[in-house]
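Below is one structure; the comments refer to it alone.
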């Protein structure tokens, strides 16, 4: 396995350093009784006891969930979206009317688009095709323009959401990439905010923190502050198989090349992630199935309408917290809400199709057609296109049938890949293809269901 790509880090952070911080810090504020705007509903999220899960799993310690889906935009990333904008404004870097561009898996985009809508900025979000349609719909509703990119594109590929954002930034006047991967405002939002809330609400008694890592800003910011105030706290980072964020690097060795859970894991090391043992004591690798099952349990058993990465974090926390005893406390961060995944792990059919659940485990009774053959259902033939079809016709078929993708097949009927509406329109907008080009020029050989 080749060495992971690690973005340059310029952070000079040292715990309890006596010198002046190079950053502007913000004191934790209480929520006013009447909010001046919805942006004041970002932060001050509750800690909730997971007593049912803890009891069912035989834990002796107290298990607390930091419910970040109560933020205005529905996720922990609302904090950094607002903080990055406010810090850039204070630095004179941006002004209302400018265009904010951000490569994201969706939640940071929603947080940024929320701030942009209230503060008067234009917003363009680039994100991979695998991210849920719900996220895209929320972004559009907030007025953001969305550019979808191939899921399989490596982070430094010209077709990745990161590189596409950079090209748009060069082409659009008065545009800015605030860049969650390198922006110190990302971990600072959690160092000044999330961590202080945890300390306040627990009266400074935390024995373990468990959090997933994506950009790494959440776990870095919270862990640094907790370690300063509670030197004995144990911090556990969660990283999916198929990602390379965990240490030691041997943990990342696997034949799994992808994962369905959104918002955590990367194929490079973001600058804002501090993986040092001074910050993260232990890394745990996660798989999709236990995480999605736990997310559904959190909804059913605890009434917490949370997303897949929340289930991943709690599944890891349940294992990690087994080393804690009575009177001790584990805090786990729940990053986002179920709103973004109504057609994914909340859906029995999706869980079954992806091998995360057996048909006999479905909540509903068996469907009337369960024992029928496909031939007996009288279904219409699927709409497919050949690789030589012009893009203009492909767009027409997509619109005519209301599809967001079409299978591309050869003369023998073998599936060669798909053409997706998001990828096709992105390439057209960038001038990389023309309407008279063949579908084969934009065909994706690998795709997510």
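Within the range 220-244, the set of residues being farther than 15 Å from residue 198 by Cβ, touching a helix residue (DSSP H, G or I) at 6+ places or on another chain (Cβ under 8 Å) and in a loop (DSSP other than H, G, I, E, B) comprises just one member, 244.
Screening residue 20 against (1) free of Cβ contacts under 8 Å to residues at least 12 places away in the same chain; (2) buried (at least 16 other Cβ atoms within 10 Å of the Cβ) leaves a single unmet condition, (2). Going residue by residue through the range 331-345, is there one that turns out to be on the phi > 0 side of the Ramachandran plot, at pLDDT 80 or above and surrounded by fewer than 19 Cβ atoms within 10 Å (Cβ to Cβ)? Within the range 331-345, none of the residues are on the phi > 0 side of the Ramachandran plot, at pLDDT 80 or above and surrounded by fewer than 19 Cβ atoms within 10 Å (Cβ to Cβ).
Scanning the range 389-398 turns up one or more residues that are farther than 30 Å from residue 309 by Cβ, in a loop (DSSP other than H, G, I, E, B) and in contact with a helix residue (DSSP H, G or I) (Cβ under 7 Å, 6 or more places away or on another chain). The criterion of being part of a strand (DSSP E or B) and out of contact with any helix residue (DSSP H, G or I) (no Cβ under 7 Å at 6 or more places or on another chain) holds for residue 64. Only residues that are over 22 Å from the mean Cα position of the chain (by Cα) and within 30 Å of residue 221 (Cα to Cα) were counted across the range 318-362, and they come to 12.
Consider the range 401-423 and keep the residues that are over 32 Å from the mean Cα position of the chain (by Cα) and modelled with pLDDT of 90 or more. The one that is farthest from residue 444 (Cα to Cα) is 410. Count of the range 166-192 residues, restricted to those that are outside any helix (DSSP H, G or I), on the phi < 0 side of the Ramachandran plot and either modelled with pLDDT of 95 or more or surrounded by fewer than 20 Cβ atoms within 10 Å (Cβ to Cβ) (or both), is 9.
Checked against the criterion of being more than 15 Å from the chain's Cα centre (by Cα), farther than 24 Å from residue 238 by Cβ and surrounded by 24 or more Cβ atoms within 10 Å (Cβ to Cβ), the candidates 114, 209 yield just one match: 114. Inspection of the range 261-281 finds a residue satisfying the criterion of being in contact with a strand residue (DSSP E or B) (Cβ under 8 Å, 6 or more places away or on another chain), farther than 25 Å from residue 152 by Cβ and surrounded by fewer than 18 Cβ atoms within 10 Å (Cβ to Cβ).
Table: residues versus (1) outside any strand (DSSP E or B); (2) at positive phi; (3) surrounded by fewer than 17 Cβ atoms within 10 Å (Cβ to Cβ).
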position: 400; (1), (2), (3): yes, no, yes
position: 408; (1), (2), (3): no, no, no
position: 418; (1), (2), (3): no, no, no
position: 431; (1), (2), (3): yes, yes, yes
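The residue that is farthest from residue 259 (Cα to Cα), counting only those in the range 346-388 that are touching a helix residue (DSSP H, G or I) at 6+ places or on another chain (Cβ under 8 Å) and assigned by TED's automatic domain parsing to the domain that holds residue 436, is 388. Of the residues making up the range 127-149, those that are over 13 Å from the mean Cα position of the chain (by Cα) and in a strand (DSSP E or B) number 5.
Restricting the range 367-388 to residues that are under 34 Å from the mean Cα position of the chain (by Cα) and assigned to a loop (DSSP other than H, G, I, E, B), the residue that is nearest to residue 349 (Cα to Cα) is 367.
The condition of being under 16 Å from the mean Cα position of the chain (by Cα) and more than 24 Å from residue 28 (Cβ to Cβ) holds for only one of 240, 248, that being 240.
Could you please let me know if residue 33 is outside any helix (DSSP H, G or I), out of contact with any helix residue (DSSP H, G or I) (no Cβ under 9 Å at 6 or more places or on another chain), touching a residue at least 12 places away in the same chain (Cβ under 8 Å) and not assigned by TED's automatic domain parsing to the domain that holds residue 297? When the stated conditions are applied, residue 33 does not pass them. Residues being in contact with a strand residue (DSSP E or B) (Cβ under 8 Å, 6 or more places away or on another chain), under 30 Å from residue 231 (Cβ atoms) and either in a loop (DSSP other than H, G, I, E, B) or at pLDDT below 95 (or both) are represented in the range 73-94 by at least one member.
If only residues of the range 64-111 that are at positive phi and over 13 Å from the mean Cα position of the chain (by Cα) are counted, the one that is surrounded by the fewest Cβ atoms within 10 Å (Cβ to Cβ) is 92.
One residue alone among 113, 153, 144, 195 is at pLDDT below 95 and in contact with a helix residue (DSSP H, G or I) (Cβ under 9 Å, 6 or more places away or on another chain), and that residue is 153.
The values are calculated or read from the model by the stated rules, or taken from the named source; none is laboratory data. These numbers come from a predicted model, not from an experiment. When we count neighbours, we look across all protein chains shown, and the Cβ atoms used for this are built from the backbone with ideal geometry, even at glycine.
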